[in-house]
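The structure appears below as structure tokens.
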Amino acid sequence: FDVSVVLHRRSCVCVSLTELELRQQCGSLYEGALVLTVRDREEPVGSGGATLNALLVAAEHLSNRAGHTVSDVSMTGHNWVVMGRDFPWSSCSRAFCWLPGEKPGQKVQAPLCCLDLLLDRLSTQICPGSPPGVWVCSTDMILSVPLDFALSWEGFSGVRVLALPGDVSYAADHGVYLCDQQGRVRDIVYKGTEEQIQQALMPDGKVPLVSGPVFFSRSVSEKLLQTHVTPPLNGCTYLGLDSGAPPLQVQGVLKKKFSKGGCSSVVGPQGATVRDVYVAGGHYDYLTLSGKQHVQRLTCDWSDRNTLSHIQVTLPVPRPQTDSVVEGDVAVATGAVVQHCHLQGPLDVPSGCLLSGLEPSASRCIRKMKLSSDIIIQGHRVELGELKLKVFTVTGARDDLQVGSTEFYVLRTKAEELWVRGEGRSLLEARLFPVLRPRGGAVGLEGGVAWLLGGGVGCLRRWREAWRLSLREVLSLTRQEAELRWREELLFLAGRRRVFDALTSRSDVCLLPCFRAAVLGGEQGALLDTLDDSESQFTVPGAELGVAARCLSCIADVLVCMARGRGGLRSGPAANEAWSSAYLLLEEGNLWGGVHALAAQRADWLSRPDLLVRAARHYEGAGQVLLRRAVMSSQRFISIGQGEVLPLTEWQEVECPARLDLAGGWSDTPPIAFEHGGSVTNIAVRIDGKRPIGARARRIREPLLLLVSRSGGREGGVSTGMVCDSLDDLSDYCQPHAPGALLKAVSVCSGLVSLTSQHALGHQLMERWGGGVEIQSWSTLPTGSGLGTSSILAGALLAAVYRCTGRTYDTDALIHAILYLEQILTTGGGWQDQVGGLVGGVKVGRSRTFLPLQVEVERLSPPDDFLVALEQRLLLVYTGKTRLARNLLQDVVRNWYSRLPSMVQNVQQLVENSEECARACSEGSLSRLGRCLDRSWEQKKLMAPGCEPASVRTMMEALRPLVLGQSLAGAGGGGFLYLLTREPGQRQVVLQLLNDMPGLGDFSVHSVELDLDGLTVLPTC
């Protein structure tokens, strides 16, 4: 739909267009829609005239966009015409009156205004399915429509009005539709008697209120638009104004038509039939001039009370505070509202009060006034010629702004002091509010409203001396641009403070919508400064490293937002020399210096989208530095003893099973493991009767390191060997793709040698161990199997090296040593692989929400018959697809740092599923275990979208009838698929089924046996 907003003041046109275009950028309005703001003629032309003028302007713009040189009335295919009028309780009109709520799921943090609510109701509930035509609506009310509401449009042509239910007493101040049994509107009763209104009573005891939305089908809207050239109707349009036609006021687009028999009916343009749609269960809230009703509107039925605000001191029961910054002890009573304010305590806001548009300096004045209940104080930014002023108004929430002069009394004043002779005399027109003193300049808050609140001696005299404005005049002189700028300043200030609080308190709030809003508003510089400050708050290394790493990831998010979808892929290399000095400071533990070095370098990378994206990659790289240091805090749980060194050439050999992650995988991944807490249930397994992973080590006479890795098993397959006789040969140990990187990292992390020593490698080996060391490793599993090979192999290598050098260890020390090693190796990863392969049987590993990261393992004791049945039903299918977990890891960590709501919820469910899986195993329930496997796979797919190749999906669908549950092992993307079959001994059945499926490629089916021992030391030969 294209959107035209009708406005009554010239100053609102450009500002409102900017607001609408901002909504397009935020995604709440269709990007390709034509958005217009149309001002009425100077003379009032009524809602009907305004609609005709807006349609004309829209048709001309659409015709021009289509390449036409003349206006084509048929171009008004799908249009909304929205009316916007002044509102005494919002300086930016009813349309942009902020409400205490936020649209759920919005990608860009933004206020919720009456216009937003209306457009949302139209686009999601009312308009879908409607034929081409025009909707005419008003922002004078808030409409609520049941979620299941749907309109039928089949074969419709003509005019359709929407009517919402209301009480008879409420309808006395509004309008109701009188309809016949076919739903045709035969009369409209405005502010009728009770007897007239009762004629419209519906079966539910309500009456159909005139609620605003009116639909004209294309044929009707074209006929309506054709009247713009017909006198006197041309007087409603800008064309009539430019042609010299006299103004004509048309108060509506619907009119009554009386037949000769005296019966009346309501018709649209050119006599089109008007049909009513009664929305049972809907709600209609007209924005009247009553301050009390508006305060109640803002304090009732909103789930989020502190909307887009920052409250320094949180109240036990949140009060409505919208787009505000509240510092210190500010007590907002029940039923009171603070909006668009920056207040400083101590301050009490009594019940029923509304404070709006006030700056910090106003807090002292309000403190001195000692407010009573039901007072409304507003700050307005007005323009008087070339003067730009702040004007303050104060009214009682219960005041009737439309009451006549004979119906109220103002203390010690005369009528001629309040009203100009010949003009209307109501509270709305009363010149009550001082603006300028003859010799003292602008009037502030205290001088402006003190007398009206019962000020002391001399207040009345100063009030009389001052040049004053009425509330209506204040609204007409308001600078909407300044009002919206003030609101935006508060919005972004509150947003930055909420960002700071969320990071320093480790909240699971998603900050991306706030970042996008700041970038769209041009506030990215201040936001980046806030994020820099958030990081530099932490000067003690250790427990706060995880928070600082999240801050760096947030800066990367902001930089990518600044690139606005351009600049290339988010993931990429992050080792540009320009950033190395900042990285080095972070590696050395100088957090403050590293953060400021990053910020200084960042300043040179902001000029182009590609540079912004590359800078974001380096900020993520810096975050990985801090994350590694945080995880390396687990080193304190590595306890290695020293025993007797074994004889030269004596092999120490260990074997390990693979692991199957039954549930909870990804929750063990840092930073999730220590920011949320992790739980993974898994089992150790032999494949085709063998432990697939092993290592051995021995001391040798030559003072060097002999490193050999084999694929395909201990004796067969392909072997790669290297001799390291200098420290330089180990210098690439932290590069995971370097030849022998894992063996080199084990040599360094196990303490065989020290790269920072002044002594040569041979000297260190002879002095410490009396010779060199030969290390061999092997695995029969393919790369990217998903069975935890690399981590388990690291554990086997560490165990073999420790044993051959006479050192003692326990499994707990190995688990944490592998965490440390993988950070050194920069492969990252969690702790579940080593838990699964080093500890035998069925177990659950857990980590808590703090640093240092500590893993605790609980071995489960399932019933023996369950273990037998489990072994008979477990099968492995190699899918022929491989994908390294590192390819998925970066996205998962990034999304976790962003705290995407779906990610946070899924992580919680991962942990819950792991605990349920542990109970299912302990209680011997295969069916519950199968459900846990299926849930685990769905959760993995949510963690890492794209981890399910199409061929694997086809395979799993075909196997579904045979299994209780199934999942790809590890992170997914390929590798092994494990099955829990319904019946025992199903290997041949599964093999036959897969053989009969075309296009599966190189797959294989393998048997699985539980391994109750885990890491096993083989006898010395």
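The values are calculated or read from the model by the stated rules, or taken from the named source; none is laboratory data. This is a predicted model, so every value here is computed, not measured. A quick note on method: Cβ atoms are made from the backbone with ideal geometry, for glycine too, and the neighbour counts reach across all protein chains shown. Surface accessibility is based on the protein's heavy atoms, side chains included, excluding ligands, DNA and RNA. Shrake-Rupley method; radii C 1.70, N 1.55, O 1.52, S 1.80 Å.
Based on the alpha carbon coordinates of the stretch 361-520, what radius of gyration and maximum Cα-Cα distance (Dmax) apply, in Å?
19.6, 64
Grab the beta carbon distance between Leu34 and Val868, set R0 = 51 Å, and tell me the FRET efficiency rounded to 0.05.
The calculated FRET efficiency here is 0.10.
Could you list the square roots of 5 times each eigenvalue of the Cα gyration tensor of the stretch 932-991, that is, the equivalent ellipsoid semi-axes, sorted largest first and rounded to whole Å?
Working through the eigenvalues yields semi-axes of 20, 12, 9 Å.
Would you list the membrane-span-like helices of the chain, meaning whole DSSP H runs whose alpha-carbon atoms span at least 15 Å along their axis and whose mean Kyte-Doolittle value is at least -0.5?
Going by DSSP H runs, the hits are 10-26, 46-65, 480-504, 545-563, 591-602, 609-631, 789-804, 811-824, 901-922.
Pop out the carbon and sulfur fraction of the accessible area of the chain as a percent, whole number, probe 1.4 Å.
Solvent-exposed carbon and sulfur of the chain make up 51 percent of the total.
Relative contact order for the chain: what is it in percent, counting Cα pairs under 8 Å that are at least 6 residues apart?
Answer for the chain is 8 percent.
Taking a cut-off of 16 Å between Cα atoms, list the aspartates and glutamates near Lys368, but don't count ones fewer than 8 places away on the same chain.
Partners found: Asp329, Asp348, Glu359, Glu446.
How big is the stretch 731-814 by the Kirkwood estimate over distinct Cα pairs, in Å?
14.0
Based on the alpha-carbon set only, what is the convex hull volume of the stretch 610-729 divided per residue, in Å³?
Enclosed volume per residue, from the Cα hull, is 241 Å³.
Please express the Cα-Cα pair-distance distribution P(r) of the chain as a list of whole percents, one per 20 Å bin, running from 0 to the bin with the greatest distance.
Cα pair-distance distribution for the chain, in percent: 11, 31, 29, 19, 8, 1, 0.
Any idea of the accessible area per residue across the stretch 568-633, 1.4 Å probe, to the nearest Å²?
With all protein chains present, the stretch 568-633 gives 44 Å² per residue.
Going through the stretch 170-256, which GluC sites (Glu not before Pro) have at most 15 other Cβ atoms within 10 Å and a DSSP loop state?
none
R0 = 41 Å: FRET efficiency of Arg636 with Ser1004, Cβ-based, nearest 0.05?
According to the calculation, E is roughly 0.45.
For the stretch 173-247, what does the relative contact order come out to in percent, with C-alpha contacts under 8 Å and a separation of six or more?
Once normalised by length, the contact order is 20 percent.
In whole angstrom, how far apart do the alpha carbon centroids of the stretch 789-848 and the stretch 933-948 sit?
Using only Cα atoms to place each centre, the spacing works out to 25 Å.
Provide Rg and Dmax in Å for the stretch 480-533, with only Cα atoms included in the calculation.
That works out to 11.5, 38 Å for Rg and Dmax.
Take every DSSP beta bridge whose two residues both sit in the chain, then give the antiparallel share in percent to the nearest 5.
Restricted to the chain, the bridges split so that about 70 percent are antiparallel.
Going by amide H atoms built from the backbone, whose H comes under 5 Å of the H on Leu662, apart from near neighbours?
Under 5 Å from the amide H of Leu662 lie the amide H atoms of Thr681, Asn682, Ile683, each far enough along the sequence or on another chain.
Ordered by packing density, taken as the mean number of other Cβ atoms within 10 Å over each peptide's residues, highest first, how do 714-720, 65-71, 517-523 rank?
Packing order, densest peptide first, comes out as 517-523, 714-720, 65-71.
Report the convex hull volume per residue for the stretch 757-873, counting only C-alpha atoms, in Å³.
Spread over its residues, the Cα hull of the stretch 757-873 gives 164 Å³ apiece.
Percentage of Cα-Cα pair distances in the stretch 94-181 greater than 19 Å, rounded to whole percent?
53
Of Lys191/Lys414; Lys103/Lys223; Lys107/Lys843; Lys191/Lys292; Lys191/Lys370; Lys103/Lys191, which ones are farther than 31 Å apart at the Cα?
Lys191/Lys414; Lys103/Lys223; Lys107/Lys843; Lys191/Lys370; Lys103/Lys191
Grab the Cα-Cα distance for Lys368 and Gln758, subtract it from 0.36 nm times how many residues apart they are, and report the gain in nm with one decimal.
Taking Lys368 through Gln758 to full extension adds about 133.1 nm, to one decimal.
So if each residue of separation counts as 0.36 nm, and I subtract the Cα-Cα distance between Val645 and Gln402, what length gain in nm does that give?
Extra length available between Val645 and Gln402 comes to 77.6 nm.
Measuring from label point to label point, each 7 Å out along Cα→Cβ, what is the Arg184 to Arg859 span in nm?
8.7
Quick check: residue separation of Glu465 and Lys103 times 0.36 nm, minus the Cα distance between them. What number comes out in nm?
Full extension of this stretch gives 125.6 nm more.
Compute the orientation-averaged projected area for the stretch 558-685 from the convex hull of its Cα atoms and round it to one decimal in nm².
Across all orientations, the stretch 558-685 yields a mean hull projection of 13.1 nm².
Quick one: Debye curve from the C-alpha atoms of the stretch 648-788, no solvent, what's log10 I(q)/I(0) at q = 0.10, 0.12, 0.13 Å⁻¹?
For the stretch 648-788 at q = 0.10, 0.12, 0.13 Å⁻¹, log10 I(q)/I(0) is -0.44, -0.61, -0.71.
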